[in-house]
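Working notes, beginning with the structure itself.
The values are calculated or read from the model by the stated rules, or taken from the named source; none is laboratory data. Treat the numbers as computed from the prediction; the structure is a model and nothing was measured. Glycine also receives a Cβ, built like all others from the backbone with ideal geometry; neighbour counts cover every protein chain displayed. Side chains are part of the model used for accessible areas, which takes the heavy atoms of the whole protein and leaves out ligands, DNA and RNA. Shrake-Rupley method; radii C 1.70, N 1.55, O 1.52, S 1.80 Å.
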Amino acid sequence: MYKLSIALWAFIGAILCQDVVAHEARSDSLRPAFLLAGALHRDGQDLSGQWTYSKDLYRTGLTDINGWVAKSRMQRYRDIDVAAVEAKGGVDFFEFDLDRGPLINLPGAWNAAIPELRYYDGLIWFQRKFNAQPAAGKRAFLRFEAVNYRAYVYLNGKEVGRHEGGFTPFVLEVTDALRAGDNRLVVGVDSTHDAQSIPTFITDWDLYGGITRPVRLITTPATFIDDAMVQLRPDGRIAGEVRLQGPQAANQAVTVAIGALATARAVTDAGGRAVFDLPAPKGLERWSPEKPMLYDVRFSASGDTVRDRVGFRTIAVKGNQILLNGKPVWLRGISLHEEEFSPNPARNMTEQASRALLHEIKHGLNGNYVRLSHYPHSETTVRLADEMGLLVWSEIPVYWTVDWDNPAVLRKALAMQAETIYRDRNRASVIMWSVGNETPVADARTRFHVAMADNVRQLDPSRLVSAALLVKHDGNALAIDDPLADKLDVLAVNTYAGWYGSDKLDAVARLKWRVPADRPLILSEFGADALAGYKNDGMKKFTEEYQAEYYRQTLAMAERIPTLRGMSPWILKDFKSPRREHPVFQNGWNRKGIVSETGVRKQAFSVLADYYRSKQ
Ligand code: GCU
């Protein structure tokens with residue numbers, strides 16, 4: 001009886017998850033209200049720079065002690081000049097004032113910006129005042145590239161929207177709330193994670209709370225191009241879609257110019273959507289890491305224009321090969337957290353900071369691939385990968401464990417996937433969407449990942465699906481024993497033999513692998529800690545010599561896996577993690593980087609660079 005009820009629940013769970021995916025993707029309900037594709041090139045005001053802030057550890061600006069609405073004297077988002085009201089005297093008083101609050105430079109995590117906020121994990125309110133001249137017939141939007149983890153957005157005292165998720169963009173229309181002259185933007189940011197967030201509060205990376213990527217005020221015509229997708233299809237034709245929003249969205253002529261090579265024409269339907277396709281123009285050069293050719297693509301309709309720089313390539317799996325533009329490719333990569341070179345990183349990924357990291361991969365390591373772990377990285381980084389010629393593995397932070405049985409959490413994951421895919425689906429560098437990292441095999445977990453894989457395939461059938469799986473170490477062989485593997489185009493596995501566990505370093509090279517022969521495999525992680533400069537102390541763990549030998553042994557092991565088609569060792573650069581507190585070797589840093597946090601290369605760096613040179 002007991003067994004039956006488990007099977008029954010599993011069946012119900014399976015129906016629930018499938019139902020969530022089917023419903024979501026079918027009704028396009030995962031599409032955000034606004035995308036503002038091409039936002040980076042649109043007219044607008046960058047709101048980066050000095051903001052003021054107000055700590056709110058007990059969330060008094062949102063709710064009162066008994067869960068009622070907050071007291072007005074604590075509502076940070078109110079559109080009032082506190083000093084002026086106080087100057088008049090009277091009974092009113094306040095327990096905040098964002099006009100006279102302390103200053104902070106945004107974007108960037110508060111943990112790195114203000115010493116007293118180093119380990120602050122909670123709600124902080126930020127304010128930025130700015131001048132605007134709203135023009136008749138124009139629409140105004142706020143676009144946040146990322147806020148970690150929950151955002152509550154108010155303009156001139158009016159709530160204009162909320163968002164959950166620390167790594168994907170969101171767009172809020174503010175046409176009605178914007179006023180001529182001075183405007184007051186207040187954003188509540190709650191960094192706390194819980195058992196229902198994605199990720200949960202258990203990760204191996206630092207807090208990084210706050211407005212971590214740029215915020216811009218963007219204006220558009222009344223009817224504008226909200227989405228503009230273009231891709232090279234396996235059949236050799238270029239195809240895509242354009243979506244208009246606004247009163248004149250229907251029956252509008254659309255033109256799509258692919259550089260100076262060709263132009264496609266279409267007309268929007270009653271819903272403002274136009275699809276187009278055309279034969280790949282003669283002379284079209286395929287994008288590849290060796291030749292990252294990008295074309296200026298201009299989408300025009302209804303008096304609006306959106307520009308994008310797009311590379312055209314195909315990616316596929318055939319047997320146990322990964323084919324880029326129809327030819328086998330071997331992924332010479334490394335994993336990367338979104339953290340700039342710095343002794344005190346703020347996750348402020350400027351173009352210069354990102355270029356410094358990707359340059360080490362492309363030119364230091366002779367790499368052609370980067371695993372952007374464990375969450376969607378900044379659009380700046382993905383666009384640089386397009387420009388510099390690095391293939392990209394992209395993932396959302398379904399990491400270690402989430403609340404697998406909770407349909408609301410699944411919907412959150414599917415929405416996060418959609419926000420990532422809608423943002424990056426024009427990026428030639430992105431070839432794989434991963435649906436998870438090191439999640440323990442169990443029925444509910446597998447159903448959750450299958451739902452994510454189905455969702456990716458419905459949103460973007462053009463790219464490959466993978467996941468970083470746990471490896472099974474049964475004595476003398478390493479194997480993948482995971483029902484999720486059947487749903488993946490590319491198998492990927494994290495392996496740490498020689499660092500975690502009891503394998504002696506000199507036994508690693510001889511380890512055998514039992515993996516399916518008909519699918520490509522990549523080693524999505526392997527690594528060992530080393531403190532840069534800790535040398536000449538025998539082969540002790542945390543020495544550079546140990547890490548270098550670990551790489552030699554693991555690469556020798558890798559060479560014996562016949563279906564291996566790439567790797568992204570863990571990790572390019574040492575990164576902040578409150579899990580890593582050895583007072584001599586770590587001090588809050590995970591030291592598996594082959595480069596230190598300030599860019600000092602360790603001995604293992606040249607071991608990997610030489611290996612990749614031999615693979616070129
Ligand atoms: C795991 C995990 C990483 C983590 C690494 C480590 O594989 O995916 O996020 O940092 O191990 O233990 O260093």
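The simple Förster model, with R0 at 41 Å and r as the Cβ-Cβ distance, assigns A479 and N325 a FRET efficiency of 0.80. Pairwise inverse Cα distances across the chain, averaged and inverted, put the Kirkwood hydrodynamic radius at 25.8 Å. Applying the criteria of a DSSP loop state and at most 16 other Cβ atoms within 10 Å to the GluC sites (Glu not before Pro) of the range 262-371 yields E285, E290. Annotation: the antiparallel percentage among DSSP beta bridges lying fully within the chain is about 75.
How many angstrom separate the Cα center of the range 416-466 from the Cα center of the range 134-159? Answer, in whole Å: 28. One chain, two ends: T350 and Y58. Fully extended at 0.36 nm per residue, the span grows by 101.9 nm beyond their Cα-Cα distance.
Mean separation of Cα pairs under 8 Å and 6 or more residues apart, divided by the residue count, gives the range 39-221 a relative contact order of 30 percent.
In the context of the full protein assembly, R423 retains an accessible surface of approximately 30 Å², using a probe radius of 1.4 Å and ignoring ligands and nucleic acids. Note that the range 118-170 presents 33 Å² accessible area per residue, ligands and nucleic acids not counted, probe 1.4 Å. Charge dipole of the chain (Cα centre as origin; +1 on each Lys and Arg Cβ, -1 on each Asp and Glu Cβ, all else neutral): 1200 debye, rounded to the nearest 20.
Once Rh is set to the Kirkwood radius over Cα pairs, what Stokes-Einstein translational diffusion coefficient, in µm²/s, holds for the range 424-511 at a temperature of 10 °C and a viscosity of 1.306 mPa s? D = 109 µm²/s. Once you mark the chymotrypsin sites (Phe, Trp or Tyr not before Pro) that are in a DSSP loop and have at most 13 other Cβ atoms within 10 Å, what is the longest gap between them in the chain? The longest such stretch corresponds to 202-616.
Just going by the charge dipole of the range 368-456, with Lys and Arg at +1 and Asp and Glu at -1 on Cβ, which of V456, A444, S373 is farthest out on the positive end? About the Cα centre, the residue reaching furthest to the positive side is V456. Entry note, the chain: relative contact order of 12 percent, from Cα contacts under 8 Å with a spacing of 6+ residues. Here the range 486-531 was treated as a single set of alpha-carbon atoms; its pair distances binned every 10 Å from 0 give 22, 47, 26, 5 percent.
Prolate is the label for the range 237-313. Its Cα gyration tensor axes, ordered a ≥ b ≥ c, give a/c of at least 1.5 and a/b above b/c. Put H377, H193 in order of accessible area, highest first, and with a 1.4 Å probe you get H193, H377. Going through the cross-link list K291/K602; K318/K362; K362/K487; K55/K592; K535/K592, which pairs have a Cα-Cα distance over 23 Å in this structure? Among K291/K602; K318/K362; K362/K487; K55/K592; K535/K592, the Cα-Cα distance tops 23 Å for K291/K602; K318/K362; K362/K487; K55/K592. Shape descriptor for the range 39-221: Rg over Rh equals 0.97 (Cα atoms; Rh from the Kirkwood inverse mean 1/r). The share of accessible area on the chain that comes from carbon and sulfur is 54 percent, using a 1.4 angstrom probe. Using only the Cα atoms of the range 149-265, build the gyration tensor, take square roots of its eigenvalues as a ≥ b ≥ c, and label the shape rounded, prolate or oblate: rounded if a/c is under 1.5, else prolate if a/b is larger than b/c, else oblate. Taking the square roots of the gyration eigenvalues as a ≥ b ≥ c, the range 149-265 is oblate. When the Cα convex hull of the range 553-601 is projected onto planes of every orientation, the mean area is 4.6 nm². Accessible area per residue for the range 204-264, computed on protein heavy atoms with a 1.4 Å probe, is 31 Å². What the pair-distance distribution of the range 397-615 shows, using all Cα-Cα distances binned every 5 Å from zero, is 1, 7, 13, 16, 17, 16, 14, 10, 5, 1, 0 percent. With a simple spin-label model that places each label point 7 Å from the Cα along the Cα-to-Cβ direction, the separation between D443 and T255 comes to 5.9 nm. Counting only protein chain heavy atoms and rolling a 1.4 Å probe, the accessible areas of S502, S54 rank, largest first, as S502, S54. Stretching D204 away from D537 to a fully extended chain increases their span by 117.1 nm, per 0.36 nm per residue minus the current alpha-carbon distance.
With a Förster radius of 60 Å, plug the Cβ-Cβ distance of E95 and A262 into 1/(1 + (r/R0)^6) and report the FRET value to the nearest 0.05. Plugging the Cβ-Cβ distance into 1/(1 + (r/R0)^6) gives 0.45. Average accessible surface for the range 397-615: 34 Å² per residue, computed with a 1.4 Å probe over protein heavy atoms with every protein chain in place. Full extension of the chain between I65 and K88 yields a length gain of 5.4 nm, computed as 0.36 nm times the residue separation minus the alpha carbon distance.
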